[in-house]
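Q: Questions regarding the structure given below will be posed in turn.
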Amino acid sequence: MKVLVVGSGGREHALVWKIAQSPLVEKLYCAPGNPGTAQLAENVVIAVDNLEGLLAFAKENAIDLTVVGPELPLSLGITDLFEEHGLKVFGARKNAAIIEASKAFAKDLMHKYQVPTAAYGVFTEVKEAIDFIDSTGIPIVIKADGLAAGKGVIIAQTREEAVEAVTDMLSGNAFGSAGARVVIEEFLKGEEASFLAFTDGSRIIPLASAQDHKAVFDGDKGPNTGGMGAYSPAPVVTKEIHDKAMEEVMRRTVEGMAAEGRTYRGVLYAGLMIDGDSVKTLEFNARFGDPECQPLLMRMKSDLVPVLLAVASGDISGVEIEWHDQATICVVMAAEGYPGDYRKGDVIAGLEEAATLEEVVVFHAGTRSADGNIVTSGGRVLGVTAMGETVQGAIDRAYRAVDKISWPGVHYRRDIGAKAVKRQG
Ligand code: AMP
Ligand code: GLY
């Protein structure tokens, strides 16, 4: 069969890498892809938000399955459009992708269907927002309602910071129209985990557990990013936590979405805050996490393609997924300045040497080819991903590869996976 992957980040390189291993696939395309996907698939120069262009390509090339990576095309309705033309597509429909595209929608849904989450308010007026901040106290969390690439969340430690954040967002200065509404919520403490599951709208099959590292610096310091590294499994997700997340978060959400006439079909990602035996939902994403996708797909033993096909067909009853027992970890190598303005165009050295290491895959994210070199072209540049018998083994392997790669101003965290090692003693 012919498969098209939509997107150009590390997540999409990982999807292409995994899908390319399937005996069911005879031809694989990636739009627009990156130099990493180009090694395994044919890149097609069509932007992820050019839905008509993607549709025309899929029809002309008789694509059997389209797999959508990022949230933007999902929120624009790529799945609805492809399905209207009789094409099979893996990804949430527009009226379901809103669970990520609007944080206010997600919070109201959770409230209605008793999905545990932080207390909150939704505001469009600065004065009311400030009154809420004053009655809740600090620290407090301010979130732009719309899509902001993981950067629309401010954890305010002072009243001034909180007031500044709501004023900036509501005036449209920060995040444009995505900030025209804000969600303000109670600060939750605990340890985070990323809980992902495939669903056909009623049945739910969880993926292995994973943990992201949102903050830009070691020790979870500095501003939040799209994610600086991830690993799987996440020991914080014990059997009890897993069962609770399945029942109180995943099942209630999938059933709630169906009851709202927004049947959720695809991969549902819940960001969880775990504190003792309490599990609360921070957010939902309508897609695979990036970088969580990289270590998760490296750990997946089963062929991914039949799973994606079953979800796209709306019946996952026959699906079973096997996982490697080993641990995997992904270290994101980023450009200087990320998540703010960052450098671009620096030549990346050491990629070939890193690629020779066993059980290591260097997934490309923000890279491009230029004059025979691979150069940086995005904030998150590479996702160096490794498998090991233990988390520590995977960590050592990943950083051995990281140490071979360099460019001017490269930045990465040195402590990816440290929480897992600490938990395991
Ligand atoms: P979100 O995009 O809503 O998941 O928020 C991004 C990040 O901000 C999360 O991964 C957490 O690290 C942090 N965060 C979000 N909401 C809260 C909260 N209510 N309490 C504490 N931290 C939060
Ligand atoms: N790594 C977090 C996300 O994909 O939203």
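Q: Could you check V236 against (1) open to solvent by 60 Å² or more (accessible area, probe 1.4 Å); (2) within 16 Å of ligand 1 (Cβ to nearest atom) and say which number it fails?
A: Failed condition: (1).
Q: Follow-up question, since we're still on this one. Specify which of the listed residues (F217, F288) is within 16 Å of ligand 1 (Cβ to nearest atom), open to solvent by less than 10 Å² (accessible area, probe 1.4 Å) and among the hydrophobic types (A, V, I, L, M, F, W, C).
A: Sole residue among the options that is within 16 Å of ligand 1 (Cβ to nearest atom), open to solvent by less than 10 Å² (accessible area, probe 1.4 Å) and among the hydrophobic types (A, V, I, L, M, F, W, C): F288.
Q: Sticking with this one: Looking only at segment 258-285, filter to residues that are farther than 27 Å from F187 by Cβ and away from ligand 2 (no atom under 16 Å from the Cβ); which one of those is surrounded by the most Cβ atoms within 10 Å (Cβ to Cβ)?
A: The qualifying residue surrounded by the most Cβ atoms within 10 Å (Cβ to Cβ) is Y264.
Yes or no, residue by residue, for (1) over 30 Å from L272 (Cα atoms); (2) open to solvent by less than 60 Å² (accessible area, probe 1.4 Å); (3) polar (S, T, N, Q):
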{"position": "N34", "(1), (2), (3)": "yes, yes, yes"}
{"position": "E52", "(1), (2), (3)": "yes, no, no"}
{"position": "F57", "(1), (2), (3)": "yes, yes, no"}
{"position": "D64", "(1), (2), (3)": "yes, no, no"}
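Q: If the requirement is being open to solvent by less than 30 Å² (accessible area, probe 1.4 Å) and either out of contact with any helix residue (DSSP H, G or I) (no Cβ under 7 Å at 6 or more places or on another chain) or not in a helix (DSSP H, G or I) (or both), which of these qualifies: L196, L147?
A: So the residue among L196, L147 that is open to solvent by less than 30 Å² (accessible area, probe 1.4 Å) and either out of contact with any helix residue (DSSP H, G or I) (no Cβ under 7 Å at 6 or more places or on another chain) or not in a helix (DSSP H, G or I) (or both) is L196.
Q: Just the residues that are farther than 13 Å from E248 by Cβ and modelled with pLDDT of 95 or more, please, taken from segment 101-119.
A: F105, A106, K107, D108, L109, H111, K112, A118
Q: Out of all the residues in segment 88-132, which are assigned to a strand (DSSP E or B) and aliphatic (A, V, I, L, M)?
A: Passing the criteria: V89, V122.
Q: Okay, moving on. Can you tell me which residues in segment 151-193 are within 27 Å of A230 (Cβ to Cβ), small (G, A, S) and surrounded by fewer than 18 Cβ atoms within 10 Å (Cβ to Cβ)?
A: G190, the sole residue that qualifies.
Q: Go through segment 313-425 and tell me which strands (runs of 3 or more DSSP E), entirely inside it, have 2 or more residues that are open to solvent by 40 Å² or more (accessible area, probe 1.4 Å) and touching a Lys or Arg at 6+ places or on another chain (Cβ under 7 Å).
A: Qualifying strands (runs of 3 or more DSSP E): none found.
The values are calculated or read from the model by the stated rules, or taken from the named source; none is laboratory data. On a predicted model such as this, the values are computed, not experimentally measured, just so you know. Using ideal geometry, Cβ is built from the backbone for each residue, glycine included, and neighbour counts are taken over all protein chains shown. All accessible areas refer to the heavy atoms of the entire protein, side chains included, with ligands and DNA or RNA removed. Shrake-Rupley method; radii C 1.70, N 1.55, O 1.52, S 1.80 Å.
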